[in-house]
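Heads up: the structure comes next, in C-alpha cells.
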Amino acid sequence: LTDIFYYHKKIKCQRGSDVPQPAPSEALEALFIEARSHNGWRDTPVAESVLRHAFDLAKLGPTSANCSPGRFVFLQALEARQRLAPHVSAGNRRKVLTAPVCIVMAYDRNFADRLIDLFPHKPEAKAWFSNPAMSAETAFRNSTLQGAYLMLALRALGLDCGPMSGFDQDGVDREFFAGTSWVTNFLCSVGEGDPDALFPRLPRLAFEDACWVL
Ligand SMILES: Cc1cc2nc3c(=O)[nH]c(=O)nc-3n(C[C@H](O)[C@H](O)[C@H](O)COP(=O)(O)O)c2cc1C
C-alpha cells in the first residue's frame, strides 16, 4: 500500500480524496486503451499552438539529471515532409507525406552543454558525460523517453500518432542536421488518424510473460 500511495499521492492530493485514485478513465482511454499507431491520415490540419502545448507537457517528463537531450523537428509544411520522404522506407513514404505533421524525434549529442541551465545546483554535472559511450547512451535513452512522453502528450491533446523507425538515419541527419550536433532517433506522424486504415490490434505479452515482481 505504501508503494501505491507513493504513486498516487499527487493525484490524490489534487482531488482531495483519502484513497489512491487513478486518472479518470477517459484519460486512460485516450492515452492507452483507445489509442493506436496510425497508418492512414485525414488532412485535418494541426495548429502549431497544439504542438507547442504538447511539447510543454512532454518536457516535464523525467530524464536523468534532467538532461533533456530530446530535440523535435515538426515537419508541418508539405515541402518539409517532401525533404524527409526520400529517406524513409517505401512503406512509410505515404504516411510521411499525408499526415499533417511528421516529427523528427532527435537528440543533441552535445546535450551536456545545457546542464549548467538544467541542473544548476551541480555545476560539475557536465563532466559526468565526458565519457563518449556514457554520453551517447544517456542521449539515446532519455531522448527515446522524451519521444514517448511527446506521443502521450499529443494523444492527451486529442491527436493520433504513428511512430516509425523505417528510415535511413544518415540520410535524415544529412538532410536536416548537417553541421549540427543533432541526431535522429525516430520519426512520428501526427494528426487525425483514419480508423479505416488501422490494422487489428496485435497481442501484447501477459504480465506473467513480461514482468517479475521480486
Ligand atoms: C519506435 C517505433 C518504430 C516503429 N516503426 C514503424 C515503421 O517503421 N513502420 C510502421 O508501419 N510502423 C512502425 N511502428 C508501429 C508499430 O508497429 C506499432 O506501434 C505496434 O505494432 C503497435 O501498434 P498499436 O499501437 O496500434 O497497438 C513503430 C512503432 C514504434 C514505437
Of the residues in region 71-97, those that are within 14 Å of the ligand (Cβ to nearest atom), within 26 Å of Ala139 (Cα to Cα) and surrounded by 15 or more Cβ atoms within 10 Å (Cβ to Cβ) come to Leu84, Ala85, His87, Val88, Asn92, Val96
Residues that are touching a residue at least 12 places away in the same chain (Cβ under 8 Å), over 30 Å from Lys126 (Cα atoms) and touching a helix residue (DSSP H, G or I) at 6+ places or on another chain (Cβ under 7 Å): find the helices (runs of 4 or more DSSP H) completely inside region 30-115 holding 2 or more of those. 78-84, 90-98
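State all residues of region 126-183 that are among the β-branched types (Val, Ile, Thr) and not in a helix (DSSP H, G or I); if no residue qualifies, say none.
Thr180, Val183 - these are the residues of region 126-183 that are among the β-branched types (Val, Ile, Thr) and not in a helix (DSSP H, G or I).
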Taking region 35-48 only, how many residues are within 19 Å of Tyr149 (Cβ to Cβ) and within 14 Å of the ligand (Cβ to nearest atom)? 4
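Looking only at region 164-182, which residues are within 16 Å of the ligand (Cβ to nearest atom) and surrounded by fewer than 18 Cβ atoms within 10 Å (Cβ to Cβ)?
Correct list: Ser165, Gly166, Asp168, Gln169, Gly171.
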Taking only pairs six or more apart or across chains, which ones have beta-carbon atoms under 6 Å, a first residue in region 183-209 that is in contact (Cβ under 8 Å) with a residue 12 or more places away in the chain, and a second residue that is of a type in the set (Lys, Arg)? Val183/Arg109; Ser189/Lys95; Glu192/Arg42; Asp194/Arg42; Leu198/Arg36
Only one of (1) modelled with pLDDT of 90 or more; (2) not in a helix (DSSP H, G or I) is not met by Val19, so which one is it? (1)
Please tell me if Ala148 is modelled with pLDDT of 95 or more and away from the ligand (no atom under 14 Å from the Cβ). no
Looking at Leu159, Leu205, Leu214 in this structure, which one is modelled with pLDDT of 95 or more, surrounded by 19 or more Cβ atoms within 10 Å (Cβ to Cβ) and more than 12 Å from the ligand (Cβ to nearest atom)? Leu159
Failed item in (1) within 16 Å of the ligand (Cβ to nearest atom); (2) within 30 Å of Glu192 (Cβ to Cβ), with His53 passing the rest: (1)
Show the residue pairs that are 6+ apart or on different chains and have beta-carbon atoms under 8 Å apart, the first residue being within region 160-173 and free of Cβ contacts under 8 Å to residues at least 24 places away in the same chain, the second being more than 9 Å from the ligand (Cβ to nearest atom). Gln169/Val183; Gln169/Thr184; Asp173/Trp182; Asp173/Val183; Asp173/Thr184
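The values are calculated or read from the model by the stated rules, or taken from the named source; none is laboratory data. The model shown is predicted, which means the values in this text are computed figures rather than measured ones. Don't worry about glycine lacking a Cβ; one is built from the backbone with ideal geometry, like all the others, and counts go over all protein chains shown.
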